[in-house]
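No value in this document is a laboratory result; all are computed from the given coordinates. None of these values were measured; they are calculated from a predicted model. Backbone-built Cβ (ideal geometry, glycine too); neighbour counts: all protein chains shown.
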Amino acid sequence: MSRIRVGAEGAPGSADGLWKHTCFEAFIRPPESAGYYEFNFAPTRQWAVYRFDSYRQGMTPMDLANPPVISTQRAADHLELEATFPLPFSADSGAARRTKLALAAVVEEESGRLSYWSGRHPQGKPDFHHSDGFAFEL
């Protein structure tokens, strides 16, 4: 952890480009939809939400009426980030169970080198947007 660049925790707020540094990401695809949402959460308590019409197409930044609540805990051997946020779409309990989820993290070392972590990567280079990465179901 001493070699991981985290940034100082500041006032929460929306910011672009969080994936260029240490951040955690959740990709959520509603049932029966080609579109999905990308949530970025930084240990600095900044966040971003984007809506995509389909794979890497039609990206639209989103404002949330109720912004995420982000908290972090850092120890000598781990970094934990918890983010609580409302889904930007409505779903009954049956549909919510078919909602697909991809979890990922970008980790920046003090040298500036980035590494990419995910529950499941598609073949080839890491691509958090790829449908093969949606390994979980709500």
Report summary line: Descending packing, highest mean Cβ count within 10 Å first, for 31-38, 5-12, 109-116 is 31-38, 5-12, 109-116
Report task. Using only alpha carbon positions, build the gyration tensor of the chain, then give the equivalent ellipsoid semi-axes as the square roots of 5 times its eigenvalues, largest first, whole angstrom. Result -> 25, 18, 14
Report summary line: Measuring from its Cα centre, segment 4-137 shows a charge dipole (+1 at each Lys and Arg Cβ, -1 at each Asp and Glu Cβ) which, in debye to the nearest 20, is 200 debye
Query raised in the report: Say each of Arg3 and Ala15 gets a label point 7 Å from the Cα, pointing the same way as Cα to Cβ; how far apart are those two points in nm?
Result: 2.5 nm
Report task. Can you put Ile4, Ile28 in order of Cβ neighbours within 10 angstrom, beginning with the fewest? Result -> Ile4, Ile28
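For a quick check: sort Lys125, Lys100, Lys20 by the number of other beta carbons within 10 angstrom, fewest at the front. Could the numbers behind the result be given before it?
Values: Lys125 8, Lys100 18, Lys20 11.
Fewest-to-most Cβ neighbours within 10 Å comes out as Lys125, Lys20, Lys100.
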Query raised in the report: How do Trp47, Trp117, Trp19 line up, fewest other C-beta atoms within 10 Å first?
Result: Trp117, Trp19, Trp47
**Report entry** Distance (nanometres) between label positions extended 7 Å along Cα→Cβ at Glu137 and Ala76
**Finding:** 4.3 nm
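Could you give the length gained by full extension between Leu101 and Met59, i.e. 0.36 nm per residue of separation minus their alpha carbon distance, to one decimal place? Before the final figure, lay out each step's value.
Details: separation 42, 0.36 × 42 = 15.12 nm, distance 1.79 nm.
Residue separation times 0.36 nm, minus the Cα-Cα distance, leaves 13.3 nm.
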